[in-house]
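The values are calculated or read from the model by the stated rules, or taken from the named source; none is laboratory data. Keep in mind that this is a model prediction, so the values were computed, not measured. Cβ atoms come from the backbone with ideal geometry, glycine included; neighbour counts cover every protein chain shown. These area figures cover heavy atoms from the full protein model, side chains too; ligands, DNA and RNA do not enter into them. Shrake-Rupley method; radii C 1.70, N 1.55, O 1.52, S 1.80 Å.
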Amino acid sequence: MSDSPATPPEDWEALAAELALGVLSGQELADAEGLEAREPAFRRLVEAWRLRLAPLALAVQPVVPPSVLWSLIEARLPGGRPAEAPGLVQQLTHRLKIWRMATATLALAAVALAVLVAMPGILRPPAPERFVAVLGEGAQSPQFLVTVDLGKQVVSIVPVAQIGSPSGDFELWLVKGEQAPKSLGLISASDGRKLAVGDLAQPALLKGGLLAISLEPKGGSPTGAPTGPVIYTGPLLPAPE
Amino acid sequence: MASIAQGDRQAFGQLYQATSAKLYGVVLRVLARRALADECLQEVYVRAWHAAPNYAPDKGAVMTWLITIARNRALDLRRRERPAASLDDVPEVADLRDETLDALALTEQASDARRLKACIEQLDEEPKRCVLLAFWQGMTHEELATRLERPLGTIKSWVRRSLLRLKDCLAT
């Protein structure tokens with residue numbers, strides 16, 4: 001109702017309270033806001049109610065805003081510096097300092113470690129993080145160098161000799177004792193490749209294991225076990241750091 | 001505040017550090033959406049920067065003054081942006097602990113807050129709940145009627161009477 005009757009001044013107090021609390025909506029809200037814009041006396045009542053109720057907000061649980069907001073606010077102030085300005089730069093400088101301190105600490109730690117390593121018997125050998133295997137047709141003719149890096153969770157395969165393009169796909173397997181061979185994935189005969197370690201990432205599983213490469217149909221073994229001829233093999237050895 | 005009014009950004013940064021978490025909690029409660037609350041908080045502080053020369057201690061403590069700016073802006077945005085959304089639909093905010101009046105007793109502005117708390121506690125249970133839901137979550141008469149499953153007219157008279165009782169109580 002655009003022709004709603006004006007609120008009589010004796011009702012201003014209650015209307016101001018309702019507006020300040022925020023319960024009004026629709027036409028009632030529009031009318032009250034109109035009155036607030038027009039009538040300084042009503043505006044003062046609303047302002048007094050806002051201040052009167054404001055302490056209630058102190059009961060609200062604080063929530064830390066996203067840190068980027070301050071930079072955005074600064075950028076919106078007059079003559080605003082770009083958002084990348086001081087806040088962010090200070091943060092980065094601070095982080096850099098932390099990194100420098102960390103690096104210095106690491107350098108000290110490295111020296112200490114070197115001393116310890118130089119005194120055999122003090123340190124137990126840690127669980128090996130890396131294993132290597134040289135795969136070939138016997139020890140005389142290496143074809144692939146395979147590194148299993150448990151820290152990086154990656155298996156790297158590097159061909160070390162030229163071989164002709166196979167008629168199918170090479171598939172890499174881990175063979176351990178009597179367990180069924182586990183596939184690590186397909187590899188390329190000519191290019192290096194990295195595969196995910198996946199669920200093989202256990203030193204106990206790798207230690208004493210054997211890697212094997214079989215020739216499989218395009219797309220790999222259809223059964224989950226080697227189906228084609230095993231062409232190259234090599235034992236997995238813990239790698240020195 | 002005086003140095004902020006003269007354009008001291010460092011002082012303004014300190015004010016932000018000291019007050020932003022409380023204000024963000026307030027606007028997040030009312031708006032119930034992070035993206036809206038982020039926008040709202042920026043507008044609040046930009047407004048505060050421009051309004052700083054008009055700030056006078058008789059407008060209450062700085063925190064109180066900032067709360068009025070924040071709540072006004074949040075209510076405006078709420079009315080415009082989410083006419084029908086419910087706070088319960090927004091897990092990130094629904095997870096927030098419910099406010100209780102007890103928290104008021106622990107605040108720094110203890111005298112104002114304690115008096116307000118004492119006066120609100122004298123209200124009847126359901127009208128009190130209306131006032132608190134309206135303040136903390138920005139609910140309108142209609143939303144309160146839906147939430148409390150009461151007729152709109154009942155809600156309106158509860159709220160009006162409660163507010164006038166509050167004023168009398170605070171004046172004594």
Could you check, for the range B:126-147, whether at least one of its residues is more than 8 Å from every other protein chain (Cβ to nearest Cβ), part of a helix (DSSP H, G or I) and farther than 21 Å from residue A:60 by Cα?
-> yes
Counting only residues in the range B:38-51 that are farther than 14 Å from residue A:77 by Cβ and open to solvent by 30 Å² or more (accessible area, probe 1.4 Å), the one farthest from the other protein chains (Cβ to nearest Cβ) is identified as B:39
Within the range A:203-241, residues part of a loop (DSSP other than H, G, I, E, B) and without any contact (Cβ under 8 Å) to a residue 12 or more places away in the chain come out as A:222, A:223, A:240
- Restricting attention to the range B:100-116, does a residue exist that is modelled with pLDDT of 80 or more, among the charged types (D, E, K, R) and surrounded by 17 or more Cβ atoms within 10 Å (Cβ to Cβ)? no
Across (1) assigned to a loop (DSSP other than H, G, I, E, B); (2) open to solvent by 30 Å² or more (accessible area, probe 1.4 Å), residue A:189 clears everything bar (2)
For the range A:178-198, pairs from a residue that is under 16 Å from residue A:167 (Cα atoms) to a residue that is open to solvent by less than 70 Å² (accessible area, probe 1.4 Å) and of a type in the set (D, E, K, R), with Cβ under 7 Å and 6 or more apart or across chains, are A:186/A:169; A:186/A:171
Within the range A:174-186, residues being among the hydrophobic types (A, V, I, L, M, F, W, C) and part of a loop (DSSP other than H, G, I, E, B) number 1
Among residues of the range B:1-37 being of a type in the set (D, E, K, R) and assigned to a helix (DSSP H, G or I), the residue most open to solvent (accessible area, probe 1.4 Å) is B:34
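Every residue, every condition in (1) open to solvent by 60 Å² or more (accessible area, probe 1.4 Å); (2) away from every other protein chain (no Cβ under 12 Å), yes or no:
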residue	(1), (2)
A:18	no, no
A:21	no, no
A:34	no, yes
A:37	yes, yes
A:43	yes, yes
A:55	no, no
A:70	no, no
Note on the range B:117-148: residues surrounded by 17 or more Cβ atoms within 10 Å (Cβ to Cβ) and β-branched (Val, Ile, Thr) are B:120, B:131, B:140
Contact list, first residue from the range B:156-168 and within 8 Å of chain A (Cβ to nearest Cβ), second anywhere and surrounded by 20 or more Cβ atoms within 10 Å (Cβ to Cβ) and not in a helix (DSSP H, G or I), beta-carbon distance below 6 Å, six or more apart or interchain, is B:159/A:23
